[in-house]
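Everything on this sheet refers to the single structure shown next.
Laboratory data are not the source of any read-out in this text; all were calculated from the coordinates shown. Owing to the predicted nature of the structure, the values given are computational and were not obtained by experimental measurement. Cβ placement follows ideal geometry from the backbone for every residue including glycine, while neighbour counts extend to all protein chains displayed.
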Amino acid sequence: MSDEELAGEKSYSAPALEKGLDILEGLAERASAMSVRDLADQVGRSKNEIFRMIHVLIARGYIQRDSDTDELALTNKLFTLGLRTPQSRSLLEAALPEMMKLALDVGQSVHLVVVHKGMTVTLGHARAESDFTFNLKPGYGRLASEAATGRVIMAFQAADRRERMLADCALQSKKKFDRPIVEQALADIQARGYVLGKSTDFVGITDICCPILRSEGHAAACLIMAHVDRVGQDIEEGRLLTAVQSACERIGKLI
């Protein structure tokens, strides 16, 4: 197909493709799972029209069905596909060498994290050469307002961007969203420049998390070292924090 044909008026019809895109876009517009009937109403189609398409999208891993309620929600597969774009690859490609060097130097694994629609997303990690390390699979995420990584990233944003991210968190939260507490935490992180403390998600882990800043001072991502606390072993907090900060600074210059 020529560039002229692609750029011209719509010449071709692909009803099945349009139906599938309607379903994905309809689910993306809702923060919570929804029934087939609600989804049909959302996209302006009948249940019979979308029934078979939903089963295909479930089989291909784009949609998941709750076994108890039969409600539908998007998986992170679309986001995973998005990570293959040049922009996402450039961030990961810039970060990985520095992450590998950092993990080798300190003997602890390091993870690269971004925020997407109110959730943290682990893009990748560098594994330490140690007998015992802590690693998260790519795609792992938590509510950004509750995670050290999410808070670090949100703390270093322009006001309008932070507002949108907080709104996304409120939509994703399954419990009361205490905005004043979150905003105070972000202010404290912005003043301090990092997070260093016991993990709020895992026992026996100390989080050391710093932002990767673009030239204008806004966070594109963050690095987190999940330090495994070993019996009889002291955590050299100052040295480890300096190492993570230095790696983030070098990555920031590359992106």
> Among S109, L171, A221, whose Cα sits farthest toward the positive end of the charge dipole of the stretch 81-254 (+1 at Cβ of Lys/Arg, -1 at Cβ of Asp/Glu, about the Cα centre)?
Replying inline: L171
> Among V110, V244, V203, which comes first, second and so on when ranked by fewest other beta-carbon atoms within 10 Å?
Replying inline: V203, V244, V110
> What's the tally of Lys pairs in the chain whose alpha-carbon atoms lie under 15 angstrom apart, where the two lysines are 8 or more places apart or on different chains?
Replying inline: 4
> Residue by residue through the stretch 177-187, which ³J(HN,Hα) values in whole Hz follow from phi under the Karplus form 6.51 cos²θ - 1.76 cosθ + 1.60 (θ = phi - 60°), with glycine and proline marked x?
Replying inline: 8, 8, 4, x, 5, 5, 4, 5, 4, 5, 5
> From the backbone phi of the stretch 95-106, what are the Karplus-calculated ³J(HN,Hα) couplings (6.51 cos²θ - 1.76 cosθ + 1.60, θ = phi - 60°) in whole Hz, Gly and Pro given as x?
Replying inline: 7, 4, x, 5, 5, 5, 5, 4, 4, 5, 5, 9
>> At 7 Å along Cα-to-Cβ for each site, give me the label-to-label distance between I235 and D38 in nm.
In response: 4.0 nm
> Charges only on Cβ, +1 for Lys and Arg, -1 for Asp and Glu: so what's the dipole of the stretch 100-241 about the Cα centre, in debye to the nearest 20?
Replying inline: 520 debye
> Taking the Cα atoms of the stretch 123-206, what is the range of coordinates along each of the three principal axes, in descending order and whole Å?
Replying inline: 43, 28, 22
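Could you work out the Rg to Rh ratio of the stretch 81-254, with Rh taken as the Kirkwood radius (inverse of the mean 1/r over all Cα pairs)? Intermediate values should be presented prior to the final figure.
On the way: Rg = 15.3 Å, Rh = 16.2 Å.
Over the Cα atoms of the stretch 81-254, Rg/Rh equals 0.95.
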> Applying the Karplus parametrisation 6.51 cos²θ - 1.76 cosθ + 1.60 with θ = phi - 60° to the phi angles of the stretch 191-198, what ³J(HN,Hα) value in whole Hz is obtained for each residue in order, glycine and proline being reported as x?
Replying inline: 5, 7, x, 6, 10, 9, x, 4
> Mind checking the dipole of the stretch 157-214: about its Cα centre, +1 per Lys or Arg Cβ, -1 per Asp or Glu Cβ, Debye to the nearest 20?
Replying inline: 100 debye
> Between E49 and A14, what is the spin-label point distance in nm, taking each point 7 Å from the Cα along the Cα→C-beta axis?
Replying inline: 1.9 nm
> Which residue, L78, L123, L223, has the most motion in a Gaussian network model of the chain that connects Cα atoms within less than 10 Å?
Replying inline: L78
